[in-house]
Amino acid sequence: MVYTKPTKTMTNMVRGHARSASENRDFREATKRDALNQLRQELDNLIEDAPAENQPKLKSELSNGFAKLFMRFLEEEGPSVNWESIERLPGDAVIDYNTLKTPTTDLIHQMLSKLIVVKLNGGLGTSMGCHGPKSIISVRNNLTFLDLTVQQIEHLNKTYKTNVPLVLMNSFNTDEDTEKVIRKYKNLNVEIHSFNQSCYPRINKETLLPIAKSPNFEDDLEAWYPPGHGDFYQSFKNCGLLRKFLDKGREYCFISNIDNLGATVDFNILDLLLNPNHKDIKHEFVMEMTDKTRADVKGGTLIQYEHKLRLLEIAQVPKEHVDDFKSVKTFKFFNTNNIWAKLDAIDRVLAENKLNMEIIINNKSLGNGLNVIQLETAVGAAMKCFDGGIGVNVPRSRFLPVKKTSDLLLVMSNLYNLKNGSLVMSHQRMFPTTPLVKLGDTHFAKVHEFLGRFATIPDIIELDHLTVSGDVTFGAKVSLKGTVIIIANHGDRIDIPSGASLENKIVSGNMRILDH
């Protein structure tokens, strides 16, 4: 067969974009077949160029995993959700956390022997100006995300005389550095396992061909990417850990992002899974949801669709319904990405080839100006593939992610106390919600810049809202209460003096302090 590179027009036809009347189904199908054949040829070339000992793993990831994802990308035209077909959530679809019973200490000990904890550890700290894995950024008392996670599990194991394993899913970006770091935990009471998620080639948006020229990702890091945390299930099985834990009698895994400091092992949810009220009900999949606020309008939500519960992400929403999706009244909950899944169910779904997660098309532009496509999946999107899936409406305290330095300000402040690796909101805070903090990107986006602007982290126990923009610094022991807005105009600088107390104030570029 003669391979012809697909043109831009062909790419658009494949993705179901605007078509002329002369295009017909046969022509579109031929275009798809051609694009898939060319991709497979390129993948075969990459596999053949790899050392013999690496070829089986590469073939499994590329010829099986990636090629299947790409084929679905070609086939699935238009939005994955028909908005009119979304059904009202059944009354029992989301359980109120406050209705769950608290198990006894003896029961907790038994239940923990059935659990493993998985942390998604594939992300870099580049968005916050840090090098290496995000999990090794210091967040509190010189302790990193990984330090706090290990402390939590060690405390759990010591307190309940058990051995809950910690499993880290790394990416090729984070694996080497993470392996170096976890050596320091070898004398602690924590059994740590790690595995790598898949490594997929980025696709040229114009030609629909991989931009990778070498099977060794280290030769060109920009040509490869980790395909999202939905890759967990297959990679967890491929590395042998799924079978290992099943053979040891483990029943459930608790999966969460390593940068979510609220994602600790919850005994009430574990009790719901292992000791349900109705013995004939086994929840194979639980998604922790929490109440949506105006700050969370883009977060994925739970819907009933084709008689199954499933995750709906904003990327799947037709443009004309994005405002409906963001409505706090219509969709009251959003996904925290704290997931509980039954291990033998994961094994069954994979064996029956029923793992079918929506594809997230991530368009990127590389440093050289090349436009590429990353095909990704989300771990929560697997919900529809399992039986007995439910949501649990958990307190906001279970969702404490650190994505920006504004989040870092919260977790470093006196708003929280650190106890056995877990952050607990101070009892001095009169209400359970966290302040809304907005820090300007120009001066506060990077961690080292952020830290350089605070002599000490301010007292924010009574803060509701903080907006800071421009060249602003804070002295030691500053107190912020109510709504505080500090804006330094271009070319101006504002230094908040040590010991200052600002309550419902607007501080402008000329240092006028006004009542808010």
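The values are calculated or read from the model by the stated rules, or taken from the named source; none is laboratory data. Source: prediction; values computed, not measured. With ideal geometry, Cβ positions are generated from the backbone for all residues, glycine too; neighbour counts draw on all protein chains shown. For the accessible areas, the whole protein counts, side chains as well, though only heavy atoms, and no ligand, DNA or RNA atoms are used. Shrake-Rupley method; radii C 1.70, N 1.55, O 1.52, S 1.80 Å.
Values for this structure:
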{"item": "Antiparallel bridges, percent of DSSP beta bridges restricted to region 123-254 (to nearest 5)", "result": "55 percent"}
{"item": "Antiparallel DSSP beta bridges within the chain, as percent of all bridges there, nearest 5", "result": "45 percent"}
{"item": "Mean Cβ neighbour count within 10 Å, used as a protection proxy, ranking 321-329, 455-463, 416-424 highest first", "result": "455-463, 416-424, 321-329"}
{"item": "Residues listed by number, region 448-488, amide nitrogen under 15 Å from ILE506 label point at 7 Å toward C-beta", "result": "466-469, 483-488"}
{"item": "Listed residue pairs exceeding 25 Å between alpha carbons, taken from LYS158/LYS419; LYS101/LYS248; LYS161/LYS184; LYS161/LYS404; LYS244/LYS308; LYS248/LYS384", "result": "LYS101/LYS248; LYS161/LYS404; LYS244/LYS308; LYS248/LYS384"}
{"item": "Sorted peptide list for 263-275, 46-58, criterion being average Cβ within 10 angstrom, highest first", "result": "263-275, 46-58"}
{"item": "Estimated distance in nm for a label pair at GLU222 and SER426, the labels positioned 7 Å out from Cα along Cα-to-Cβ", "result": "4.6 nm"}
{"item": "Answer label for semi-axes √(5λ) of the Cα gyration tensor in Å (calculated), chosen among [x] 39, 38, 19; [y] 39, 30, 25; [z] 39, 27, 21", "result": "[y]"}
{"item": "Apportionment of accessible area to carbon and sulfur, region 249-295, percent (1.4 Å)", "result": "46 percent"}
{"item": "Spin-label model distance (nm) - THR473 vs ARG294, 7 Å beyond Cα toward Cβ", "result": "3.3 nm"}
{"item": "Inter-probe distance in nm under a simple model that places probes 7 Å from Cα toward Cβ, at LYS205 and ASP92", "result": "4.7 nm"}
{"item": "Residues SER365 and ASP324, FRET efficiency given R0 of 45 Å [Cβ-Cβ distance, rounded to 0.05]", "result": "0.90"}
{"item": "Cα gyration tensor, region 168-314 - rounded (a/c under 1.5), prolate or oblate", "result": "oblate"}
{"item": "Net length gained if the chain between THR433 and LYS354 were fully extended (0.36 nm per residue, minus Cα distance)", "result": "24.5 nm"}
{"item": "ASN417/CYS130 FRET efficiency (R0 25 Å; Cβ-Cβ; nearest 0.05)", "result": "0.50"}
{"item": "Residue-averaged [θ]222 nm for the chain, counting only DSSP H segments that reach four residues, each worth -39500 (n - 2.57)", "result": "-7000 deg cm²/dmol"}
{"item": "Cross-link pairs LYS59/LYS186; LYS438/LYS477; LYS237/LYS342 - those with Cα-Cα distance over 24 Å", "result": "LYS59/LYS186"}
{"item": "Average Cα contact separation per residue, the chain, under 8 Å, 6 or more apart, as relative contact order %", "result": "14 percent"}
{"item": "Probe 1.4 Å, accessible area per residue of region 39-179, Å²", "result": "48 Å²"}
